Each structure stands twice: as structure tokens, then as C-alpha cells.
Amino acid sequence: MTSGSLGLRSGSYGSLQQPFQNSLFSIQATPSPPPVPAARKTTKMFKEKEKLFHWICKFAPRKKVGMLLLCVVSALVFMWVLYVGKGEDGVNIQGIGFNNSSDFNYLGSSPTNVDQDISVQFNATVINKDENITSQPPSPPVYFTGYSLPPGNPCESFTLPPPPADKKRTGPRPCPVCYLPVEEAISLMPNASSLSPVLKSLTYIHEENLTRSEFGGSEFGGYPSLKQRSDSYDIRESMNVHCGFVRGRKPGRQTGFDIDDSDLLDMEQCQGVVVASAIFGAYDLIQQPRNISETAKRNVCFFMFVDEVTEDFLRNSSVLDSGKRLGLWRIVVVHNLPYADPRRNGKVPKLLLHRLFPNARYSLWIDGKLELVVDPYQILERFLWRKNASFAISRHYKRFDTFVEAEANKAAGKYDNASIDFQVEFYKSEGLTPYSSAKLPITSDVPEGCVIIREHIPISNLFTCLWFNEVDRFTSRDQISYSTVRDKVMSKTNWTINMFLDCERRNFVIQGYHRDVLEHWAPPPPPGGVAVIHPPPPFVETLNKTSHQMFAETNVSTPTKKTPPKRGKDRKSGPRRHRKVAA
């Protein structure tokens, strides 16, 4: 746009020539004078310009007039610069305007008229320019869609070998897993997040005044009603659901499951991969990860959540100093636990890591009794990135049906039998059926929930929120509620879960024993001393051995058996004596 759009100036300071008066923006406020013939008008205009030129040359040397002219010129230049720089965006320029009689006022114009008139003219210019420009549609978002291993890679043609034929060992065992080298696994880490089907925005309910629901629930969970529970399974593009930490300003601060501010700050700064575990009630001994690369030691966050009881046990054992570090683990002490049951408290970090680590991309949860023996980057590459999955969990090594799992929990006394029966009957009324081949490609309804590998995207975060709500409302046995939550979410989306073999899980974690079991075993012999090994009592070998018997087979040496005497010629002469052999 040129200066002509602002009008051509005549001999006076503000009057505009006729072409601008005849434009779209001309508003006649007073009667116009009678038309003048073209020849006389041209001669008069030339004389006026000549007089103006002589007037400028006469009065410009004077100080006041020169300064006034300089101000006018500067104002015009400043207005033009503003128009060129910002006028195309439709920005209104204040302090300069046109009045209704088309007179230019450099000091006394009305601010109201300035914004209205100038903005109209600039907007009209933008419209005229945009008519000839084809608007470009915004580029679609980029998501991670998986990859294929290059031809010739050993993991591409890897097949699981058959289990060894060992009749003495019939229980679960690890199996081979083909991992990529750590450097190669790190190089394959996705730059973009995976697609979250249907759900794009997920927020969480915050309430201070709570009312109890129909049954179950807690203050920490917010007592969601059955109607709110039903609505939470109606997957939409934007959702607001219960997900623990209902009270307080932020998770871990006056919400129940409270965490010190210094620990919360460290947790918020974890922006990549987090490995998390928890021990409450000093129930387990902390296991140190092994075979961890230097890159993972520098970049992966290792957090261990403990309660005050476990903290006292660690300090009394002289293994925890003031730095809150124990090997690779960053120890986080949790105060004001929301539940009286330590196992239910453990479900908070297990299922709600995305709330405790809001900036983390991936998380690996392992139970407190497990020892991690494979690098986290290799685990993520093998079970998430290579499978193009955002959630991975191992299936139970023996049980595949929720009803069978519920009966096993009742037989083992894991929870109150009446509560388990009520939960199963409630799920049956919603359509829960026994597992069968009709559910394929779903391979199991029962997970081995001691390890969870996931990416923090809206749909996986929603799944763990809803799973936690079931644990909060019903029993703490999360294996019973897993299939119900999974089936409800999958019925609304095309989201899937990678349920890998339990023997593959046992390849990268070693399952230990609880502290109370370890304390009942005899301590190891002192260094340099001679161990006196007593023969174990005779026992009948069964197919289902106890954990103590399996430990005895692997860690206790069997005493040397006495060689029986030979019969025949080598037998010494003498009377036969029948001896009674004690059983």
C-alpha cells in the first residue's frame, strides 16, 4: 500500500483532494461548494502550490516554524513506518485519525474516531490482499508409528526356543529375550509421542467438599459416584475424571500421599524415562539395579517411594544417609498415607506415575521385591517401541481367567472373601465372562502386575486412572479389575495393550523374597570360616515345591552319600545280620 491510500494533501495542513473524498470512506458532514470548472480549478491549484512553496522557503528558516514542519514530517514518517510494519495485521494506530469532514488533525483528533476509521481502512486493505492468497491448511501433527528392524538383524528372526525338559522344575522360569544393544536402543527412541486414539485432552477432578458415593471409595480417590464411573468409560476427545489426589493444590501437596517440596521439584524435573518402585511398612528389602548403562545412569530417573516406617528401618540399618540416595535409587519419603493397607498405598505410585511425574515421557514400574537386571532403554525398545505400543504388561504364567484368579486369591487369603465375591458379581452384572478363545487376539484376562511399562499419553493415563478407581472402590487385588477396565476402554477405541509372556518378564527382573521370609533363614557363614552343612531332612519330591525347598536345592549342598558294599566275591565272610533301618 502507498501513501495514496491516506489521501493526497493540498495547500492546507489537512484538506484532502477530491479523489479521496469520492472514495468509500468519504462522509459528507457539510454541504459541498458548487463545482468549479476544471481549467480554473487546475490554475488555482497550481497557484496555491506555488504560494505554499514560497511560504515554506520564507518561514522555514525561522526556528518555531521549522520545528513545527519537522514535527509534522516526523509524525508522517512515524505513521508510515507503523503502518508498513503492523498495518497488514489489522492493528489499530492510535493518536492519528480522520474526522468526518475529511480534515487531518495532527493534535486535536478524537481517539474514538481514530481507532474506528483507521482500523476499517487497514482491515479493508488486508481483505483485498488476502483475496489473492490461498490459505495453507495447518500441517497435521506428527506421531510415532513404529519401525521395522533392518534385514539381517538377529532380533528380526528370533524365535522363542522350547522350554527345557526338566521334570524337577515345573514352575515359572525365565526365557531368552532378544534385546538390541543399548546404544542402538537409545538411537531408536521416538522423537514424537504415540497416537492417543479418540482422547486428546485429559484433566483431573479437584474437589474439597466430598460426599460419599453409593459404596466403596476413599477421600483420596474423591468418592466418585456410579454415574461418574459410567461416564468415565465413555471415551471422548476431552475428559475430566477422578484420578486420586482430589484434594490439595497439586499431587503430593496436602492431598494425602504427601511429599516434601524438594522431592516434588526433583520429580518435576524428570522429563525422559523414570524407573519407579515403592516399599511400605518395611515389607521388602531394596534391590539395586544391575547392568545399567552409563547413559541410563545419567539420564534415567530412579525413584523409590517409602513410608516413615521404612525410612526408620533404613536409617537404623545405616544404609540411608542425609543425601536421600541409596545406590541408584533416589529415596522419597511419603507422609500422610491415604490408606491403612500398605499394599493399597503401593497402588498409588504404581498406577498414578503420570500424576507424580507430569513431565516424564516413559515409565517403568517394578515391585519393591524385584531386582532390575536389564537396561531400561533396552526394555522400552523391546516391549514398547518395537511393538508400536504405549502400554505393556506381562500376563500371568498360570492363570488366564478372572474368575479363576478370584478363587485363587480367596484360597490364598489375599483379601476378604466376601469383598472378592461382591466385586466379581458386580463385574458379572456388567458383562464379564470367563476367558475363552473368542477373546483372541487378547491372550489373557489376568496380568502379572508387578511390572508395568508405558508411555505417558492421554489414553494410557486414562486407563491407569480408571484402573486405580476400581482398586479404590473395590478390593486392592488389581488383577481382578484389570480385564474389566481394559475391555471397556478398548470397546470405545482401537487402543491395545501388549501382554507379553511372563517368562520374558522374568528375563529382566529377578524376583526376591519378602523381608519377613529372609529374616527366618539362617545367616550366611562369616568370611573365612568353615561352613558346617547339615544334611536336610528327607522329603518327598512333589510337582509343586515350596519356595523354601527350591531355595534349598539351589543354595544348600547335598552331603556326600556313602558307597554301599559290593556283593559276591568281594563280600566279607561272616554271619548275616539283619539290621533295622529307621525310616
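The values are calculated or read from the model by the stated rules, or taken from the named source; none is laboratory data. What you are looking at is a predicted structure, and each value in this text was computed from that prediction instead of being measured. Because the Cβ atoms are built from the backbone with ideal geometry, glycine has one as well, and the counts that use them run over all protein chains shown. Ligands, DNA and RNA are stripped out before the accessible areas are found, and what is left, the full protein with its side chains, is counted by its heavy atoms. Shrake-Rupley method; radii C 1.70, N 1.55, O 1.52, S 1.80 Å.
A few comments on the model shown:
- The listed residue being out of contact with any helix residue (DSSP H, G or I) (no Cβ under 7 Å at 6 or more places or on another chain) and surrounded by 22 or more Cβ atoms within 10 Å (Cβ to Cβ), out of 480, 457: 457
- Flag for residue 442 being open to solvent by less than 50 Å² (accessible area, probe 1.4 Å), assigned to a helix (DSSP H, G or I) and in contact with a strand residue (DSSP E or B) (Cβ under 9 Å, 6 or more places away or on another chain): no
- Only one entry in 469, 498, 461 is in contact (Cβ under 8 Å) with a residue 24 or more places away in the chain, within 24 Å of the chain's Cα centre (by Cα) and farther than 23 Å from residue 379 by Cβ, namely 469.
- Of the criteria (1) touching a helix residue (DSSP H, G or I) at 6+ places or on another chain (Cβ under 7 Å); (2) open to solvent by 10 Å² or more (accessible area, probe 1.4 Å); (3) within 24 Å of residue 216 (Cα to Cα), which one residue 448 fails: (3)
- For segment 242-254, the criterion of being out of contact with any helix residue (DSSP H, G or I) (no Cβ under 9 Å at 6 or more places or on another chain) and of a type in the set (D, E, K, R) is met by at least one residue.
- Members of segment 223-238 found to be under 25 Å from residue 339 (Cα atoms) and in a loop (DSSP other than H, G, I, E, B), listed by number: 223, 224, 225
- Residue in segment 254-271 that is among the hydrophobic types (A, V, I, L, M, F, W, C), over 19 Å from residue 345 (Cβ atoms), assigned to a helix (DSSP H, G or I) and touching a residue at least 60 places away in the same chain (Cβ under 8 Å) present: no
Listed here are the residues, each with its yes/no results for (1) part of a loop (DSSP other than H, G, I, E, B); (2) surrounded by 11 or more Cβ atoms within 10 Å (Cβ to Cβ); (3) among the β-branched types (Val, Ile, Thr); (4) at pLDDT 50 or above.
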site	(1), (2), (3), (4)
92	yes, yes, no, no
115	no, yes, no, no
156	yes, yes, no, yes
171	yes, yes, no, yes
176	yes, yes, no, yes
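- Test: residue in segment 370-379 that is of a type in the set (D, E, K, R) and in contact with a strand residue (DSSP E or B) (Cβ under 7 Å, 6 or more places away or on another chain): yes
- As a summary of the residue check, residue 331 satisfies the conditions (1) open to solvent by less than 50 Å² (accessible area, probe 1.4 Å); (2) in a loop (DSSP other than H, G, I, E, B); (3) aliphatic (A, V, I, L, M) except for the one numbered (2).
- Within segment 386-423, the residues that satisfy the criterion of being open to solvent by 30 Å² or more (accessible area, probe 1.4 Å), in contact with a helix residue (DSSP H, G or I) (Cβ under 7 Å, 6 or more places away or on another chain) and not polar (S, T, N, Q) are 395, 397, 399, 403, 410, 415.
- Restricting attention to segment 219-235 and to residues that are of a type in the set (Gly, Ala, Ser) and buried (at least 17 other Cβ atoms within 10 Å of the Cβ), the residue that is nearest to residue 298 (Cα to Cα) turns out to be 221.
- Candidates 451, 489 - the one that is closer than 18 Å to residue 367 by Cβ and touching a residue at least 12 places away in the same chain (Cβ under 8 Å): 451
- The residue that is surrounded by the fewest Cβ atoms within 10 Å (Cβ to Cβ), among those in segment 181-218 that are assigned to a loop (DSSP other than H, G, I, E, B) and of a type in the set (Gly, Ala, Ser), is 192.
- Only one of the numbered conditions (1) open to solvent by 40 Å² or more (accessible area, probe 1.4 Å); (2) of a type outside the set (Ser, Thr, Tyr); (3) modelled with pLDDT of 95 or more is not met by residue 312, and that is (3).
- For segment 274-309, the candidate set comprises residues that are polar (S, T, N, Q) and open to solvent by less than 30 Å² (accessible area, probe 1.4 Å); within that set, the residue that is nearest to residue 345 (Cα to Cα) is 277.
- Segment 331-350 residues that are under 14 Å from residue 468 (Cβ atoms), paired with ones that are buried (at least 19 other Cβ atoms within 10 Å of the Cβ) and among the β-branched types (Val, Ile, Thr) (beta carbon under 6 Å, 6 or more apart): 347/471
- In summary, residue 281 fulfils each of the numbered conditions (1) part of a loop (DSSP other than H, G, I, E, B); (2) closer than 16 Å to residue 352 by Cα with the single exception of condition (2).
- Checking each residue in segment 340-352 for being surrounded by fewer than 20 Cβ atoms within 10 Å (Cβ to Cβ) and either touching a helix residue (DSSP H, G or I) at 6+ places or on another chain (Cβ under 6 Å) or farther than 21 Å from residue 450 by Cβ (or both) picks out only 340.
- Some residue of segment 376-385 being open to solvent by 40 Å² or more (accessible area, probe 1.4 Å), touching a residue at least 60 places away in the same chain (Cβ under 8 Å) and within 19 Å of residue 451 (Cα to Cα): no
- A search for C-beta distances below 6 Å between a residue of segment 420-441 that is on the phi < 0 side of the Ramachandran plot and any residue that is assigned to a loop (DSSP other than H, G, I, E, B) and not polar (S, T, N, Q), counting only pairs 6+ apart in sequence or on different chains, returns 423/474; 434/401; 435/400; 435/401; 435/445.
- Applying the condition of being within 17 Å of residue 352 (Cβ to Cβ) and aliphatic (A, V, I, L, M) to segment 255-273 and asking which residue is surrounded by the fewest Cβ atoms within 10 Å (Cβ to Cβ) yields 264.
- Where a residue in segment 185-199 is farther than 18 Å from residue 374 by Cβ and its partner, wherever it lies, is assigned to a helix (DSSP H, G or I) and open to solvent by 30 Å² or more (accessible area, probe 1.4 Å), with Cβ under 6 Å and at least six apart: 196/458; 199/458
- If only residues of segment 238-289 that are more than 30 Å from residue 489 (Cα to Cα) and touching a Pro at 6+ places or on another chain (Cβ under 8 Å) are counted, the one that is modelled with the highest pLDDT is 280.
- Qualifying positions in segment 353-375 - among the acidic types (Asp, Glu) and either crowded, with 23+ Cβ neighbours inside 10 Å or touching a Lys or Arg at 6+ places or on another chain (Cβ under 6 Å) (or both): 375
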